[in-house]
Every structure is written in C-alpha cells, then in structure tokens.
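The values are calculated or read from the model by the stated rules, or taken from the named source; none is laboratory data. Computed from a prediction, not measured in an experiment: that's the story for all the values here. Reconstructed Cβ throughout: ideal geometry from the backbone, glycine too, with neighbour counts over all protein chains shown.
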Amino acid sequence: MTPKRNLYDGREQTYIKHLFLTQYLKDAAFKTFQGRSPVFNFVDGFAGPWETSAEGALEDTSFSQSIKVLTSVKNDLQSKGISGLKIRFYFCEKDPNSFAKLSEYARQQSGVEIVLFSGRFEDNLDDISRAITPGFTFTFIDPTGFKVENAKIAEFLKTQRGEFLFNFMSEHINRYPDFEGVRAAYSALLANEGWRSRYDALPDTLKNEERILAILKEAFVDLKAAKYVADFGVMNPRKDRMQMRLVLGSNSEHAIELFRHTHRRVELREIETRQSIAAGDQVSLFSNEFLAESYQKSHGFGSPGQKELAENLVVRHLVEHGPTNFCDLWVHILVGAAVSKSIVKDTLNTLRKNGVVTFALPKSKTKVQPDTLITLVAPPLLS
Ligand SMILES: C[S@@+](CC[C@H](N)C(=O)[O-])C[C@H]1O[C@@H](n2cnc3c(N)ncnc32)[C@H](O)[C@@H]1O
C-alpha cells in the first residue's frame, strides 16, 4: 500500500511526503486499534486534489492513500478477529474545482464513511469538531504555501484526542526573506503578533526557514496543540535543497518514537530517489540501496552529526532540569535529533565514559534502564 513512484515524475518530494504519511499512518493505526481506541478519525484539512498526474485517477492524493492504507489496516485486524473498529474520514477543500473532484471521488467510494467540508479549513473547524466521532483523531494539515491561520487550527488540535502532521513549506518561507510584505501572514502562521522579537533572538547562523520553524514548533507547544513536536525534512531531489518539513505533534512519547522510526525508513527512500535522479543512465558498481545506506550513516538518521546533537540535547536537558530518569529523558532527545531510543542509550554510555554524566547500572546491565537516574558531572562546551 505505498504510493506509486511513477506517478510523481518531476515532483518526487510529493512522493516522499505521501510515503511518510502512509507509513506513519499505517503503524499509528495498528497501534491505535490495538489498545488505544476502536475509532480512528482522519481529518485532511487541505485535501486537494492538487497537481495530480494525468494517469493516476487521483491515486496520488493524500485522501485516496489515507483511505486505502487505513482500510487495509482495519481489514487486516478484522481478519485476525478484532471487531468493532471504525474509521471515518473528514476532508476539507477550499477551491471549488478541486472540491468538485473530491466530491466525485468520495461518491465513488463504497463502504467508507466520508464527510466533506467545502471552504477554508480554518472556517470549518467548528463543524468538523461537531461531526467527529469520539475516538482518536489524526489531522493532516497540508497547505499550499504558508498562509494558514494557526491560532484557530491549534485551538482545534488542542480539543482533539490525537495527533497532527503539519506540512511546513520551507521552500516558500525561504523565498520571502523580506518580512514587510508578509508580516501579517507570518503572524497568522505563527499564531503570534510578536514573533519578530523571538526571530531576532534566534542565532543568525540558522536559515530563515529554520528560525520560523523553531518558532512554529514552540507555538504548537505553547498553545497546547501537542506536548511534543518533531520534524522530518524533505529535500527537493532535483535541486538538493530543503523543500518541506513534515512536523508531527503529539502528546504521546510513543508517537515520537514511531515518527523517528518512520523517519529512518523514509529518509533512505528519499536518498535513493535523489541518487537515482542524479545518476541518470550511469551504471554504478554499487546498488542504490547500498549507496543510500552509506549516505544515511554519514549524513542522516543516526549519523555522527545527529549523535553529537543528541549529546548536546542530553546535556542541555540536564542543565535545565537537573538529574533525570531515562524514562523522562529520551523523548526530549528524539524530538530534537534524528536518533532512536537505543542510540540515546549508547550516547549516555559515551557521555559517562567521558566523565560528563554519571549513573549507576544494575548488575549485569550494560545500558541505562527506564528508572536509571542520570546526573550531570561536568557540562562540556556545547556546540
Ligand atoms: C498542497 S495541496 C494539498 C495536497 C493534498 N493534501 C495531497 O497531499 O494530495 C493544498 C490544497 O489546499 C487547498 N487550500 C488552500 N488553502 C486552503 C484553506 N485555507 N483551507 C482548505 N483548503 C485550502 C488548495 O486549494 C489545495 O487543493
């Protein structure tokens, strides 16, 4: 149930976006249905269709793929004897022509509960809230640029029991370094009229989009849309620059663990896609998978750079919060660095060996346990 690569020629970043969405949704739905809630609501606030391929019959859309992936999870679990599961879809689209296509598509689906909303997502939030069945709600927010009223959206997210995936359009943000013309749009995006002073306080070594992203993530937490907010960067494979960032917000630490698991898998596919475009017809001695894995090891998930970031985050956390049990620490590291829980354990061993932190391990254990208390000995210089 993965997106078909051939439907995305020339817009491979959308392929990566859909790959991430479907892989994350699949695992999240399995987990939700096996304990958390028998009801899974999927809200697509900016549903499209948008720039789809002529041959795809709308298969290359988030609404079509979410229906397929969630229905297959439900059918799979039902075949294993788990009954009473329910999925409901809530799709919203502003553009009348796109909405007509979305309506036609929805009419053709049988056995799927779909509720449609026409107009701006921000103006439909009350109606969507009223229509939503109590249960787990996953909200996908995928605007075309950065004109989004996040104060309203965050209020909606705060009242839902669930998670959201927000598509942050890095490329658009970087196109508008002159703030004057877009000041109001940024205030709406960041749900904060006073965002400029926060922006100026961030290091100017960061790119424009990185500073705006940092403020946006803080805003989602401050507005209580989510306790944890993490992001995965999607490169434009043809231009080798950041195109978008998929930002997950959740109150669950397990969601952040799943997010990084998805990150690791999808990043590999992203690198493979980039490398195969760059190689063109050239034949390499090594397989594309091997080259992608090597690149990821040195530059991506779990790379030395990400491990160093994890070390810095551990130290920062301990400076700010004092001695902390591992079970209360690891999620904060995964939020900020592309690493796994197991890498955080190794990181702690390295910091201990270097005399930066101290902790006691139970006999016969070589790595921290959930209740291991980690204490800072001497903070190194943070990079
Ligand atoms: C990037 S496209 C969505 C693509 C779709 N989510 C997918 O992955 O296949 C954004 C869509 O949002 C619609 N749109 C723009 N502003 C909107 C708003 N405020 N509320 C709802 N839809 C909006 C656009 O017409 C466009 O169809």
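When you scan segment 221-233, how many residues do you find that are buried (at least 17 other Cβ atoms within 10 Å of the Cβ) and either aromatic (Phe, Trp, Tyr) or in contact with a Gly (Cβ under 9 Å, 6 or more places away or on another chain) (or both)?
Residues flagged as buried (at least 17 other Cβ atoms within 10 Å of the Cβ) and either aromatic (Phe, Trp, Tyr) or in contact with a Gly (Cβ under 9 Å, 6 or more places away or on another chain) (or both) within segment 221-233 amount to 6.
Answer with yes or no whether residue 69 is buried (at least 18 other Cβ atoms within 10 Å of the Cβ), more than 15 Å from the ligand (Cβ to nearest atom), at pLDDT 95 or above and closer than 20 Å to residue 21 by Cα.
No: the conditions fail for residue 69.
So that you can scan it fast, the table gives a plain yes or no per residue for (1) buried (at least 17 other Cβ atoms within 10 Å of the Cβ); (2) of a type in the set (D, E, K, R); (3) in the same structural domain as residue 158 (by TED's automatic domain parsing):
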{"position": "198", "(1), (2), (3)": "no, yes, yes"}
{"position": "210", "(1), (2), (3)": "yes, yes, yes"}
{"position": "219", "(1), (2), (3)": "yes, no, yes"}
{"position": "235", "(1), (2), (3)": "yes, no, yes"}
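Residue by residue, here is whether (1) within 30 Å of residue 25 (Cβ to Cβ); (2) surrounded by fewer than 15 Cβ atoms within 10 Å (Cβ to Cβ); (3) not aliphatic (A, V, I, L, M) holds:
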{"position": "153", "(1), (2), (3)": "yes, no, no"}
{"position": "156", "(1), (2), (3)": "yes, no, yes"}
{"position": "159", "(1), (2), (3)": "yes, yes, yes"}
{"position": "162", "(1), (2), (3)": "yes, no, yes"}
{"position": "166", "(1), (2), (3)": "yes, no, yes"}
{"position": "172", "(1), (2), (3)": "yes, no, yes"}
{"position": "188", "(1), (2), (3)": "yes, no, no"}
{"position": "195", "(1), (2), (3)": "no, no, yes"}
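Out of the residues in segment 248-283 that are outside any helix (DSSP H, G or I) and in contact with a strand residue (DSSP E or B) (Cβ under 8 Å, 6 or more places away or on another chain), which is surrounded by the fewest Cβ atoms within 10 Å (Cβ to Cβ)?
Taking the candidates together, the pick is 251.
Residues in segment 31-41: is at least one away from the ligand (no atom under 11 Å from the Cβ), of a type outside the set (Ser, Thr, Tyr) and without any contact (Cβ under 8 Å) to a residue 24 or more places away in the chain?
Yes, the conditions are met somewhere in segment 31-41.
Could you grab me the full set of residues in segment 188-212 that are part of a helix (DSSP H, G or I), more than 16 Å from the ligand (Cβ to nearest atom) and under 22 Å from the mean Cα position of the chain (by Cα)?
208, 209, 210, 211, 212, listed by residue number.
Checking the condition buried (at least 16 other Cβ atoms within 10 Å of the Cβ), within 24 Å of residue 148 (Cα to Cα) and not aliphatic (A, V, I, L, M), which residue from 40, 99 passes?
Every option except 99 fails the conditions.
Yes or no: residue 216 modelled with pLDDT of 95 or more and either in a helix (DSSP H, G or I) or touching a Cys at 6+ places or on another chain (Cβ under 9 Å) (or both)?
So residue 216 fits the description; yes.
In segment 114-170, how many residues are assigned to a loop (DSSP other than H, G, I, E, B), within 13 Å of the ligand (Cβ to nearest atom) and closer than 18 Å to residue 66 by Cα?
2
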